[in-house]
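To keep things clear, I will list the structure first and then write my remarks on it.
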Amino acid sequence: MKSRKLYNRISVLRKERNISRKELAESIGVNIQTVGYLEREEYNPSLDLAFKINEYFGLPIELIFSPEPLKPLSEEIIELKNKIGGEK
């Protein structure tokens, strides 16, 4: 069975927090090249690695990984605010 491509925000999150690829790789226990493959979406992480990345950034996993292209974070935040504001 062919695995489907996962999209991610690793590069955006890393740059936003001024974290080098090396620093992220060391923190999650992988080679620096693995981080590059992940950022270029050339490699899907294992479930364990996805959770390590999720824990490192402290964000819900669905904000980092998706089987569909991800919207910019600013759009996600606006949609979430509208959703929360509309539930009153």
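Miscellaneous remarks
- Any hit, segment 1-24, residues being of a type outside the set (Val, Ile, Thr), in a loop (DSSP other than H, G, I, E, B), touching a Lys or Arg at 6+ places or on another chain (Cβ under 9 Å) and closer than 16 Å to residue 76 by Cβ: no
- For segment 69-88, residues that are in contact (Cβ under 8 Å) with a residue 24 or more places away in the chain and closer than 13 Å to residue 13 by Cβ total 2.
- Taken as a whole, the structure leaves residue 20 outside the set of residues that are modelled with pLDDT of 95 or more, small (Gly, Ala, Ser), surrounded by 14 or more Cβ atoms within 10 Å (Cβ to Cβ) and touching a helix residue (DSSP H, G or I) at 6+ places or on another chain (Cβ under 9 Å).
- Scanning segment 69-80 for residues that are surrounded by 12 or more Cβ atoms within 10 Å (Cβ to Cβ), in contact with a helix residue (DSSP H, G or I) (Cβ under 8 Å, 6 or more places away or on another chain), at pLDDT 95 or above and not basic (Lys, Arg) turns up nothing.
- Within segment 30-68, the residues that satisfy the criterion of being touching a residue at least 40 places away in the same chain (Cβ under 8 Å), surrounded by 12 or more Cβ atoms within 10 Å (Cβ to Cβ), in contact with a Phe, Trp or Tyr (Cβ under 8 Å, 6 or more places away or on another chain) and not in a helix (DSSP H, G or I) are 65, 66.
- The set of residues in segment 31-46 being out of contact with any helix residue (DSSP H, G or I) (no Cβ under 7 Å at 6 or more places or on another chain) and farther than 22 Å from residue 71 by Cα consists of 33, 46.
- Residue check for residue 37: closer than 15 Å to residue 63 by Cα and among the aromatic types (Phe, Trp, Tyr): no
The values are calculated or read from the model by the stated rules, or taken from the named source; none is laboratory data. Nothing here was measured: the structure is a model prediction, and the numbers come from that model. Virtual Cβ from ideal backbone geometry, glycine too; neighbours counted across all protein chains shown.
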